[in-house]
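Report on the following structure.
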Amino acid sequence: MKIVHVASELFPYLKTGGLADAVASLAGTLADNGHEVSVFLPGYRTALEHKDAAQAERKLRLKIEMGDQFLSGDVRVFSPRKNLNVYLVCREEFFDRRNPYGNGERDYEDNADRFIFFCKGVVETLRLADLQADVVHSHDWQGALLPLLVRDAERKHGVTLAVKTVFTIHNIAYQGLFPRSVFARTNLPEDLNHMDGLEYYEQTNLLKGGILFGDRVTTVSPRYAKEIQTPEFGNGLEGVVQTREHDIVGLLNGVDMAVWNPATDALLPARYSMANLAGKQICRGELLKHCGFAANFKGPVFGVVCRFVEQKGLDLLLANQDFFLAQDCRLVVLGAGEKRYEDTVRALAAQAPAKVFLSAKLDEGMSHLIEAGSDFFVMPSRFEPCGLNQMYSQVYGTIPIVSRVGGLIDTVTDADEFPEAGTGLMCAPTAESLGDALHRAMKLHADKARMSAVQRRGMARDFSWKVAAAGYERLYQESL
Ligand code: ADP
Ligand code: GLC
């Protein structure tokens, strides 16, 4: 099949979270399976500076209609592996910036224009380069206009650009919600500017376009597919999702075993596997040293790696700071995002520098070292569409402590509730319940035989993308 992916993140060219990993491994696995895969990404500075893009060829020049203006740009393409082309939709004014979505304090004011331009650039390339896609699969609000723009361009130009469109919701909390005036920038027919279209309480909601008009709609775990049809998790779009109740499917992400595999991970000081865990001890020692702690510390090491946003439940973790101060343990946190979380974790680290360590930045190497060197990985998310880190943890023999929401429910089994099958510890997304799970972790850590059994069960699980990609292949076939 000819499959086109459209996303605002793609590892290793631009990554702020799991979207980049998920799109890269899905596209890569589909390419390995023999499909002709193209991935469209905005021409970010980091992507253009990446060594893979050095050979990029300028494919075409763009002149994109945006309301009553025309904006220029160009499209460059390179091929990082067999069967895979990466297309960068470039316009310096929009994408030559340090960060993809905002300056750290707030989102860029021209985000609507940036991503409408991006989507239109994709459609123009489909048309002018005659890509003849079987499937155009776009992701999250930044790609949500694709289903509409593809069909609109087909009508205007009398051509077929895609047999089917697929839209995936990675996180319904981000909707691309803009002033109503933004609608004019789409140049879509005015009848879409109402409540059965993109209009949402007198605003323009781009995500709604993907949910309503994708031929097929997916999300990233079976549990989240159900949750987003409820007011608790639907972020106001539960009614819209319900209209696609019969079409929406939850396909769990996987782990890219070429990147996240302790037996081959080049970012680690030592490698290991279930058969020989000695390397995990070396990683643990290196992690402790890196944080300025004694490398031979015997108590449990708790690791956290996440975007610093409300979703990740950092406030629940911080509500348990007395636990970390009182217990004989270590806490290592890596994260970037909202300053209020950074400030509070920093204050805790300043209060107990011998026990708590914070690295407040994006650091791929450190994220691997924490996964490998910790005993427990803490992820008390308030909601979690899928979550990758709890899967990485299990693959790395690090026991995840997670809240019972979304994809975390689909990928972790509680070791106290299911002593013969457990791979982690689960709690409700509340401070008390997390506190209880942390105490259960101390007990588990003190029982070496039980700890090792839980760890090994996690390592034995198959989270590879083979399974996940097969689900998408079936979906694409069905819809053709
Ligand atoms: P989300 O997509 O909601 O952020 P996921 O668990 O799906 O959550 O994916 C998060 C991804 O981002 C993981 O690969 C994780 O290691 C990575 N990540 C998050 N924060 C950082 C950071 N500060 N440095 C490096 N990697 C990070
Ligand atoms: C989003 C979600 C996360 C998911 C990732 C990849 O960022 O927050 O749960 O794992 O997308 O699908």
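The values are calculated or read from the model by the stated rules, or taken from the named source; none is laboratory data. This structure is a prediction, so every number in the text was calculated from the model and none was measured. Methodologically, a virtual Cβ is constructed for each residue, glycine included, from the backbone with ideal geometry; neighbour enumeration extends over all protein chains shown.
Test residue 468 against the criterion of being outside any loop (DSSP other than H, G, I, E, B), modelled with pLDDT under 95, among the small types (Gly, Ala, Ser) and under 22 Å from residue 389 (Cα atoms), and give yes or no. For residue 468, the condition - outside any loop (DSSP other than H, G, I, E, B), modelled with pLDDT under 95, among the small types (Gly, Ala, Ser) and under 22 Å from residue 389 (Cα atoms) - is met.
If only residues of region 232-267 that are charged (D, E, K, R) and within 25 Å of residue 31 (Cβ to Cβ) are counted, the one that is modelled with the highest pLDDT is 265. Candidates 363, 343, 328, 375: the one that is among the acidic types (Asp, Glu), modelled with pLDDT of 95 or more and closer than 21 Å to residue 416 by Cα is 375. Which members of region 420-472 meet the condition of being charged (D, E, K, R) and touching a strand residue (DSSP E or B) at 6+ places or on another chain (Cβ under 6 Å)? Across region 420-472, the qualifying residue is only 440. Just checking, how many residues over region 388-408 are within 16 Å of ligand 2 (Cβ to nearest atom), surrounded by 20 or more Cβ atoms within 10 Å (Cβ to Cβ) and on the phi < 0 side of the Ramachandran plot? Selection size over region 388-408: 14.
Residue by residue through region 422-476, note down the ones that are in contact (Cβ under 8 Å) with a residue 40 or more places away in the chain, among the polar types (S, T, N, Q) and either more than 20 Å from residue 392 (Cβ to Cβ) or buried (at least 20 other Cβ atoms within 10 Å of the Cβ) (or both). Hits for region 422-476 are 430, 455. Of the residues making up region 259-277, those that are without any contact (Cβ under 8 Å) to a residue 12 or more places away in the chain and outside any strand (DSSP E or B) are 263, 264, 266, 271, 275. Can you confirm whether residue 354 is assigned to a loop (DSSP other than H, G, I, E, B), away from ligand 1 (no atom under 14 Å from the Cβ), assigned by TED's automatic domain parsing to the domain that holds residue 292 and not polar (S, T, N, Q)? Yes, satisfied.
Test residue 412 against the criterion of being within 14 Å of ligand 2 (Cβ to nearest atom), buried (at least 24 other Cβ atoms within 10 Å of the Cβ), within 19 Å of the chain's Cα centre (by Cα) and free of Cβ contacts under 8 Å to residues at least 24 places away in the same chain, and give yes or no. So residue 412 fits the description; yes. Do we have residue 217 as part of a helix (DSSP H, G or I) and at pLDDT 95 or above here? No, not satisfied.
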